[in-house]
Amino acid sequence: MFSRGGKENMDKIDNPNASAVPDLTEPSARIWGPYLELAEKYDKDLVDSWRDDMESLLIFAALFSASVTAFVIESYQALQEDIGQTSVSILLQISQQLANGTTNSPAAIRPDFRQDSGDITVNVLWFLSLAFSLACALAAVMVRQWARRYLRVPRGLPTVPERARMRQYLFQNLEWWKMDLVVETIPVLLHISLILFMIGLLLFVHLVNFQVALCLLCFSTVGGLGYMFLTVVPILFPGCPYKTPFSSLFPLLTRLISVILITGLASLALFWWSAFSLITLMSPSTKVPKCIWAHKTLSPIEHTLSSTVQKIYLHSCSA
């Protein structure tokens, strides 16, 4: 229904001078008018909720990225050779040679620079944290743009039926492309960024002072347990008002893992059944041990295939 006149509608959308006032003189305007009124109210509430969430994410992501950047500026210097420390080491070697007073002492050699594994790990965690935080900010900006376009496009059409068809077209695509799931997933990036930063901070403080790292570890443990509690409780008790972004993704991950396991078992059973059938056809005298679980798994598939083949054969015979 939307494909007819689609080019004309898009031309009107691209035209900034197109009138946004609907023509209420058409007979169909009386039918689509109440629908548009309710639909625009629903869309406005939906977009406003997205904008509020993205605005808060942008503010937090900006402040958090600035904090992570300050730590990164300090930590990445450990990955570069300190010329001052190298000069001090060479001067100490020369001073030791002069103190010994020996002419056969080896010449002062510039020490080899080696990056510490702990410094590398800290920088990897903090740079990943900064990358996730910036990705969250970019995604939030893009969602605000998508939401603004979702409201603007139908309003640029002159007639009520065109606005109604355009709105329904956009709404169906919004549901088909799972934009609500995308919006709910964006905070996960910021939470992952915060988790990576805390792990890197624990390791960084551990390299500096063990007592300070122990106090920070106690705080992080309590916070981590509380975060896990808030993540798991809404899954066990759907009426719980407390939740985290991972609470919504956990059922999807469980479903994905179950699908992968079922697909893997079915593929393994199909391979075993194919090999058993091939060996039986090529060498009937050979005895191959049967795999009971494979036959149980493939029995519905085998029954469906056999019934389908039988129906096709009977239909061809009757023809």
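The values are calculated or read from the model by the stated rules, or taken from the named source; none is laboratory data. On a predicted model such as this, the values are computed, not experimentally measured, just so you know. Please note: Cβ atoms are built from the backbone with ideal geometry, for glycine as well, and neighbour counts cover all protein chains shown.
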Exercise for the section: Please go through segment 160-201 and pick out each residue that is within 20 Å of the chain's Cα centre (by Cα) and among the hydroxyl-bearing types (S, T, Y). Expected result: T185, S193
Handout entry: Any pair with Cβ under 9 angstrom, 6 or more apart, that starts in segment 37-65 at a residue that is closer than 16 Å to S129 by Cα and ends at one that is of a type in the set (F, W, Y) and surrounded by 15 or more Cβ atoms within 10 Å (Cβ to Cβ)
Key = F64/F197
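Residues are listed down the side, and each one gets a yes or a no for (1) in the same structural domain as W177 (by TED's automatic domain parsing); (2) closer than 30 Å to L194 by Cβ; (3) modelled with pLDDT under 90:
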position: I94; (1), (2), (3): yes, no, yes
position: N100; (1), (2), (3): yes, no, yes
position: N104; (1), (2), (3): yes, no, yes
position: D116; (1), (2), (3): yes, yes, yes
position: S129; (1), (2), (3): yes, yes, no
position: F132; (1), (2), (3): yes, yes, no
position: C136; (1), (2), (3): yes, yes, no
position: A140; (1), (2), (3): yes, yes, no
position: W146; (1), (2), (3): yes, yes, no
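Looking for whichever is surrounded by 15 or more Cβ atoms within 10 Å (Cβ to Cβ) and part of a helix (DSSP H, G or I) here; the options are E74, E55, E40. Which one fits? Full working, then the answer.
Numbers: E74 fails: surrounded by 15 or more Cβ atoms within 10 Å (Cβ to Cβ); E55 fails: surrounded by 15 or more Cβ atoms within 10 Å (Cβ to Cβ).
Residue meeting the stated conditions: E40.
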Fill in the blank from the handout: Cβ pairs under 8 Å, 6+ apart or interchain, first in segment 177-192 and assigned by TED's automatic domain parsing to the domain that holds F132, second outside any helix (DSSP H, G or I), ordered by first then second residue, are H191/T244
Exercise for the section: For segment 156-164, indicate whether the set of residues that are assigned by TED's automatic domain parsing to the domain that holds F60, closer than 20 Å to K44 by Cβ and either modelled with pLDDT of 90 or more or out of contact with any helix residue (DSSP H, G or I) (no Cβ under 7 Å at 6 or more places or on another chain) (or both) is non-empty. Expected result: no
Practice task
Scan segment 202-209 and give yes if some residue there is more than 20 Å from the chain's Cα centre (by Cα), closer than 22 Å to F60 by Cβ and not assigned by TED's automatic domain parsing to the domain that holds I120, otherwise no.
Solution key: no
Handout entry: Among the residues listed as F210, F204, F219, F237, the single one being of a type in the set (F, W, Y), out of contact with any Phe, Trp or Tyr (no Cβ under 7 Å at 6 or more places or on another chain) and touching a residue at least 60 places away in the same chain (Cβ under 8 Å)
Key = F204
Fill in the blank from the handout: Just one listed residue, out of A164, A137, is within 23 Å of R51 (Cα to Cα) and either of a type in the set (D, E) or touching a residue at least 24 places away in the same chain (Cβ under 8 Å) (or both), and it is A137
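Conditions (1) of a type in the set (A, V, I, L, M); (2) surrounded by fewer than 20 Cβ atoms within 10 Å (Cβ to Cβ), marked per residue:
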residue	(1), (2)
A137	yes, no
W146	no, yes
P158	no, yes
M179	yes, yes
G200	no, no
